[in-house]
Amino acid sequence: MTVLLSSVRDALKNVDPIAIACVALAVSSYLYFSRTTTFRKPPGPRPMPLIGNMLQMPSGREWIQFTEWYKQYESDSISVLTGLDPRQPTGPIFYLNLLGKNVFVINTHRVAEQVLEKNINSYAHRPLDMVMASELYAPSHVPYRPTYCVLMSRSPTRSIGWERAVALNPGGAQHRHYRKLLSKVLNSTAVRRFRPQQQRSAEALCAAILRAPDDFLKHILKHIPAWFPGAQFKRDAQQWRADLDALAQVPFNSVKDDVASGAANPSYVGDHLSADAPLSQEDEDAVMWTAASLYTGGADTTHASLMAFVLLMCLNPAAQKRAQAEIDATVGTDRLPTLEDVPNLPYVSACVKEVLRYWTVGPIGLPHRATKDEVYDDGSYVIPAGSTVIANIWGMMHDPAVYASPY
């Protein structure tokens, strides 16, 4: 044995260390990829060794490429979901391997409903490696509120903090608590209390555009603060965290002061803070971050949709004329429409929905993470725990099988 070990040592002395490292990397990569790809998976573009499909991914507008892959692989995929005819290939889902990460892309509403909605508890989590969202780390001296900050094992640093918001929350008990708070004030019945504020905002926007129509973009964007996170992408992580904390804390503290003085208007935060029982610090943090989530989730998406509406009405004057005629016939010319008029304005409502469909503001939404292995009904495909699942919303909204003129 001693002679054998001595011979091995002598042989290794003559081997290039770089060659040893390359062999070790190749072996470990082979073992890793073998471990991650032995499950039954749907079709998808052929991966390359080690990097998978990374080089095939576009640098932007991923939803366009996803839709092209959907069309390409639909003839190779057999739907195995309940209620669908397996003889009719639909290619609703395809598979990508991104540096060993399993990624599944869903391309039809029907499959999204079957996979994501019916298994909501399995896919309510977000991927753990969303670096730009919640794992860009700031220096440890940056102030933070630990109650709801998910601390990764990377001391002495702290995450920027987006995982404290609803959309990027990693899931679990905290996420369920958030949903409960939101549902209490924003369910379909309770949300009607906020219609007067919505009406006043809509009227103020219309009046501003009427006074200065050439500045419509300025009017739409006037409520987006200059310090809104992401406005200056190249700022460092410490400043990003400070901005995010300000976005959540400044308006929350303002409403809290108004509630204490009895001057608060009806609002999501005000309703929670005005409850009979005082909130614990943990509940206050939850209200603050869900409120911040409502703003960040609605500010840029709302102004993007409004700008798209203006653009599409200019490009389609016949539709604009027909919508105006419906408003004049239903509402008259002595007042503006209100939410109570919506049931009597079917064409206007259809125009709004068409803008949201055609100009998909969140083309691929936010990715989901599978927390356990999920198998289709007949076991043809498996989505392993830890996989990333992406819903190609743009592709669904432009599916020619659903919409006669999707583009």
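Side notes on the structure shown:
- Out-of-range pairs (alpha-carbon distance over 28 Å; input K184/K218; K118/K184; K71/K118; K321/K353): K184/K218
- Region 297-365: trypsin sites (Lys or Arg not before Pro) falling in loop per DSSP and having at most 14 other Cβ within 10 Å: R335
- Extension reserve of the R46-D257 stretch, reckoned as 0.36 nm per residue once the Cα distance is removed: 70.1 nm
- Amide hydrogen neighbours beyond the local backbone of V331, cut-off 5 Å, H modeled: none
- FRET efficiency for the A202 to N265 pair, using the beta carbon distance and R₀ = 22 Å, is estimated at 0.85.
- Using the Cβ-Cβ distance between L336 and Q239 with R0 = 45 Å, the FRET efficiency computed as 1/(1 + (r/R0)^6) comes to roughly 0.60.
- For F94, distant residues with modelled amide H under 5 Å away: V105
- Rounded to 0.05, the FRET efficiency of the K218 and K372 pair, given R0 = 41 Å and the Cβ-Cβ distance, is 0.25.
- Full-extension gain in nm, L315 to E354, via 0.36 nm per residue minus C-alpha separation: 12.7 nm
Readers should treat all values here as calculations from the given coordinates under stated rules, not as data from a laboratory. Everything numeric in this text was worked out from a predicted model, so none of it was measured. Virtual Cβ from ideal backbone geometry, glycine too; neighbours counted across all protein chains shown.
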